[in-house]
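The values are calculated or read from the model by the stated rules, or taken from the named source; none is laboratory data. What you see is a predicted model, and the numbers here were worked out from it, not measured in a lab. Every residue, glycine as well, gets a Cβ built from its backbone with ideal geometry; the counts of neighbours run over all protein chains shown.
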Amino acid sequence: MHSSTDQNPAAAAPLIPAPVLAKVQSAANDPSALECDSCATAVSVVGVLPLCFAPTPLDLRIHPAFGRTLNQHQIDGITHLWRRLVLHNTGALLAHFMGLGKMLQVIVFLHSLRLATLEDPITLKRFAANRVLILVPGGLVNSWLAEFQKWREWLSKSPQQQKFFEEVYVASGRYHANRRLGVYDEWHRNGGVLLLSYGAFVNDLRTAESSNSSDLCKLLGSSGSKEERKQRAKDIRGILVRDPSIVVADEAHAFRNKEGRLAQAIAPIETPFRIALSGTPLPNTLKEYQAILQWVSAEDYNEIELINSKTIPDLDERMLKVIEVAKPITHRLGMAVAGNLLTSKTEFQIWVPLTPLQFEIYARIVRRDNQTPPGFNPTNTERFHQCLRVFHHLSTLCCHPQAWRSMFYNRKYSRSRELDGFSDQYESDANLPDDDNFLEPVYTGKSDILSPVYSNKMLVILSIIKHSKADNDRVLVFSNYTATLDYIQYILHRRTNISFLRLDGSTKEQTRRRDLEHFNKGNTDVYLLSSRAAGQGINLLTAANRVIILDSTYSPSRNQQATGRSYRFGQRKDVFVYYITTDGSIETVIARVQSEKVKLASIILDEKWNTREAFLGDSPLRTYCDVPVTVNPSRAGDLGSHAVFAKDPVLKRVVMDGELQSAVCSVSLLSEDSEDSEDSVDSEDSVDSVDSVDSVDSEDSEDSKKEKKEKGEDKEEEKAAEEDEDEGAF
């Protein structure tokens, strides 16, 4: 692959796919070789053609400026979009894995469509309005804008081409309402591309549809009469719902829950020309994937709706039916299509035991929670939310007791404060007496409670960082919780010589761009990252080739998004991913659930029927309100001698480290294409600490329970997208 920064592609010789090049060459003697038949299912990827050739408007023509950047799999994706939207008058799902250039494919498609429409506005009159709405998570607005700006610069010598990129408008949730409304009006008048965050779209649309005068005043101001404000609100709704000729939804798994606010907001959009982008369109269950497909292809809505346990009781038949319906809609590609353009990726799951202090606190949390009936009932909202909070507390505790104490007391630290001031405050808070007798006896006789020795997970993480630095490798550390990032920041600053940067939801956009640039110059050892804030759209972290996942949720898509920040085009080193998991705890259950969900996605998206196990719900799980399980550590010598470590000398040095003799239970080597365990290295004395997770049967009563549970989980996750998960009292 040629780097996009090598030279101006507009001035370079275009790179044409071999089949297209053969057609162009043959056309030198026989121009009819390039004529397009009128078959509605065929797409002629014309590329760069002789001047004597006059393609029809239904031919896909890719400007030569993009030639040096596009790979064959990207041309295939663009062709899929053209076939679905231009020839079949419907929508498409681009389900390429993270890092394969979905953003660029959409831009090339829109550019090609715009040129074809300008040349023949009658044949393509359905696109003549030229109003493209691109909905993205808030953190990706600037990434999309930067990609448009890059191509605008490269096409600056061609005024006609440049005009396409000048018609790009941005309306972020960070803008004042008046400014956003002004952008909407300008886009409505002039057409072009509107980049809009999901949050701004949902809020503005809900407000415009509201009959509450105070809500309308917040959006529209108090000027004008009540009737004028109502008419203005109606106009805004029309701009967002009726005006778009094409709508693009990035990270489409965000609206996988049909009952969620986002899914409800985007459903009324009238255009059938919809493009959904997601590397993980099946994050949890079949129903979520079906919801995305229904939004993309309205013509298939009813057929997809009928795929359920009542109409198709057999699970295998149901999965086959989803695959059949999705095949023409979805263009799915994994990282294997990159071939020699990408380095290798090796994933390990490192199992660590709870320390005695963690074990005692864990047991106390569980006993306190079990004052109400154990387990959670998804039909009971209060119980569900209580257990969700306990889940966050236990997950943070598995990282370190002090991280959990910060969450327990809801302590917040200003990330803008200079590091010494932050560390001083953190130490001071650690020495505060506990307000609850529930905790006081646990810390009796404990010295230096900030020490990493109270968490085997932290000992392993610090060792990986140390040995990675010795090999001149850089590390990304992902966590779901700011309390955990706070603790690691303190340790790295006060107790190591490791340089680091940090990105979470409070990081300002200007600081984010500056730090990313600094990190990619190789000037920093570690980047601490919030899984939510940095798990999407951070495309420039290829300076790091080692990724540590500190904690996980029940949805494996967040981990996949995180690893995709490093393992992508531009990475020059082999990538190593470490999932640090606390055995005998809730994290063991999560790991098992994630494995089953990955298997389901592998069957449905990639048609890999190598396993019958498929996960459809959380019903049979051992509840995380159970007490922890004692797990014996391994002997480092037994682990380090195993052949599995030939793939990663750094990890071998970690497990052979004499200081970590009791810090590791076992190590599992995960496959590159899925998270199924390929090989594992266990201690002879290790204890299986988790009950088996059986596949969910297809009885109607069980499905009913799952539906209710999925609604509860997704509503909470949707709420958590706006608030930190680690907020709220225990």
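Of the residues making up segment 466-492, those that are touching a Phe, Trp or Tyr at 6+ places or on another chain (Cβ under 9 Å), closer than 15 Å to HIS400 by Cβ and not hydroxyl-bearing (Ser, Thr, Tyr) number 6.
Checked against the criterion of being at pLDDT 80 or above and either in contact with a helix residue (DSSP H, G or I) (Cβ under 6 Å, 6 or more places away or on another chain) or assigned to a helix (DSSP H, G or I) (or both), the candidates SER566, SER552 yield just one match: SER552.
In this structure, THR623 qualifies as at pLDDT below 65 and not aliphatic (A, V, I, L, M).
Residue-level check: of (1) within 25 Å of the chain's Cα centre (by Cα); (2) outside any helix (DSSP H, G or I); (3) closer than 29 Å to LEU85 by Cβ, GLU347 misses just (3). Return yes or no: is LEU85 of a type outside the set (Lys, Arg), in contact with a strand residue (DSSP E or B) (Cβ under 8 Å, 6 or more places away or on another chain) and touching a residue at least 24 places away in the same chain (Cβ under 8 Å)? So LEU85 fits the description; yes. Looking across ASN212, ASN178, ASN142, ASN203, one residue alone is over 29 Å from the mean Cα position of the chain (by Cα), modelled with pLDDT of 80 or more and either of a type outside the set (A, V, I, L, M) or more than 30 Å from GLY101 (Cα to Cα) (or both). It is ASN178.
Here ARG502, ARG494, ARG514 are screened, and the one residue that is charged (D, E, K, R), over 28 Å from HIS96 (Cα atoms) and without any contact (Cβ under 8 Å) to a residue 12 or more places away in the chain is ARG514.
Which of the residues spanning segment 208-220 are in contact with a helix residue (DSSP H, G or I) (Cβ under 7 Å, 6 or more places away or on another chain) and either without any contact (Cβ under 8 Å) to a residue 12 or more places away in the chain or assigned to a loop (DSSP other than H, G, I, E, B) (or both)? Scanning segment 208-220 gives GLU209, SER210, ASP215.
Scanning segment 315-343 for residues that are touching a helix residue (DSSP H, G or I) at 6+ places or on another chain (Cβ under 9 Å), assigned to a loop (DSSP other than H, G, I, E, B) and not hydrophobic (A, V, I, L, M, F, W, C) gives PRO328, GLY334.
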